[in-house]
Amino acid sequence: MPVLIALLSALGEFFAGLGGFFAGLGQFIAAVTAAYWMLSAQGSSALAPELSAYTLPLSNEAEILYGEFQRQMELQYEVGALARYMRALPALPEEGY
(Lines give C-alpha, C1' and ligand atoms only; values in the text may rest on other atoms or scores of the structure.)
Protein backbone atom coordinates (compact mmCIF):
# COMPACT_ATOMS: atom_id res chain seq x y z
CA MET A 1 0.00 0.00 0.00
CA PRO A 2 2.77 2.56 0.74
CA VAL A 3 4.24 1.97 -2.73
CA LEU A 4 0.88 2.78 -4.28
CA ILE A 5 0.63 5.96 -2.23
CA ALA A 6 4.17 6.94 -3.24
CA LEU A 7 3.29 6.45 -6.92
CA LEU A 8 0.11 8.45 -6.42
CA SER A 9 2.15 11.22 -4.81
CA ALA A 10 4.56 11.29 -7.76
CA LEU A 11 1.61 11.41 -10.15
CA GLY A 12 0.19 14.35 -8.19
CA GLU A 13 3.48 16.24 -8.47
CA PHE A 14 3.58 15.54 -12.21
CA PHE A 15 0.04 16.87 -12.71
CA ALA A 16 0.78 19.91 -10.54
CA GLY A 17 3.67 20.78 -12.87
CA LEU A 18 1.45 20.74 -15.96
CA GLY A 19 -0.64 23.75 -14.98
CA GLY A 20 -4.25 24.56 -15.73
CA PHE A 21 -6.87 21.99 -14.72
CA PHE A 22 -4.17 19.40 -14.10
CA ALA A 23 -2.49 21.62 -11.50
CA GLY A 24 -5.64 21.51 -9.38
CA LEU A 25 -5.87 17.76 -9.82
CA GLY A 26 -2.22 17.39 -8.87
CA GLN A 27 -2.67 19.51 -5.76
CA PHE A 28 -5.69 17.44 -4.76
CA ILE A 29 -3.77 14.17 -5.19
CA ALA A 30 -0.83 15.58 -3.24
CA ALA A 31 -3.13 16.67 -0.41
CA VAL A 32 -4.78 13.24 -0.23
CA THR A 33 -1.45 11.41 -0.15
CA ALA A 34 -0.05 13.83 2.45
CA ALA A 35 -3.11 13.21 4.62
CA TYR A 36 -2.60 9.46 4.28
CA TRP A 37 1.06 9.71 5.29
CA MET A 38 0.22 11.93 8.24
CA LEU A 39 -2.55 9.63 9.49
CA SER A 40 -0.51 6.47 9.00
CA ALA A 41 2.51 7.99 10.79
CA GLN A 42 0.35 8.90 13.77
CA GLY A 43 -1.30 5.48 13.86
CA SER A 44 1.82 3.36 13.57
CA SER A 45 5.38 4.14 14.50
CA ALA A 46 6.52 1.36 12.13
CA LEU A 47 5.69 3.58 9.12
CA ALA A 48 7.68 6.55 10.43
CA PRO A 49 11.06 5.49 8.89
CA GLU A 50 9.31 4.86 5.58
CA LEU A 51 7.72 8.30 5.72
CA SER A 52 11.07 9.97 6.28
CA ALA A 53 12.44 8.29 3.14
CA TYR A 54 9.90 10.22 1.04
CA THR A 55 10.41 13.56 2.77
CA LEU A 56 14.18 13.88 2.55
CA PRO A 57 15.24 17.45 1.79
CA LEU A 58 16.75 18.10 -1.61
CA SER A 59 20.36 19.16 -1.99
CA ASN A 60 21.05 22.73 -3.09
CA GLU A 61 21.94 21.58 -6.60
CA ALA A 62 18.75 19.50 -6.86
CA GLU A 63 16.63 22.42 -5.66
CA ILE A 64 18.17 24.69 -8.30
CA LEU A 65 17.55 22.10 -11.01
CA TYR A 66 13.98 21.54 -9.80
CA GLY A 67 13.31 25.28 -9.91
CA GLU A 68 14.72 25.46 -13.43
CA PHE A 69 12.56 22.50 -14.47
CA GLN A 70 9.45 24.20 -13.08
CA ARG A 71 10.32 27.41 -14.94
CA GLN A 72 10.83 25.49 -18.19
CA MET A 73 7.50 23.69 -17.81
CA GLU A 74 5.68 26.98 -17.11
CA LEU A 75 7.27 28.55 -20.18
CA GLN A 76 6.29 25.54 -22.29
CA TYR A 77 2.69 25.85 -21.10
CA GLU A 78 2.62 29.60 -21.80
CA VAL A 79 4.03 29.12 -25.31
CA GLY A 80 1.40 26.45 -26.01
CA ALA A 81 -1.36 28.76 -24.74
CA LEU A 82 -0.06 31.60 -26.93
CA ALA A 83 0.07 29.27 -29.95
CA ARG A 84 -3.54 28.19 -29.35
CA TYR A 85 -4.58 31.84 -29.06
CA MET A 86 -2.77 32.79 -32.27
CA ARG A 87 -4.45 29.92 -34.15
CA ALA A 88 -7.83 31.31 -33.08
CA LEU A 89 -7.11 34.78 -34.51
CA PRO A 90 -8.51 35.65 -37.94
CA ALA A 91 -5.92 35.38 -40.69
CA LEU A 92 -7.10 37.98 -43.24
CA PRO A 93 -7.96 41.68 -42.90
CA GLU A 94 -11.50 41.09 -44.15
CA GLU A 95 -11.96 38.54 -41.39
CA GLY A 96 -11.48 41.23 -38.76
CA TYR A 97 -7.71 41.13 -38.25
Residue pairs qualifying under the 6 Å Cβ cut-off, at least six apart or on distinct chains, with the first in the stretch 66-95 being touching a residue at least 12 places away in the same chain (Cβ under 8 Å) and the second being in a helix (DSSP H, G or I), are 73/17
Grab the helices (runs of 4 or more DSSP H) fully contained in the stretch 15-97, keeping just those with 2 or more residues being out of contact with any helix residue (DSSP H, G or I) (no Cβ under 6 Å at 6 or more places or on another chain), at negative phi and at pLDDT below 70.
-> 21-43, 48-54
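The values are calculated or read from the model by the stated rules, or taken from the named source; none is laboratory data. Computed from a predicted model, the values in this text were never measured in an experiment. Methodologically, a virtual Cβ is constructed for each residue, glycine included, from the backbone with ideal geometry; neighbour enumeration extends over all protein chains shown.
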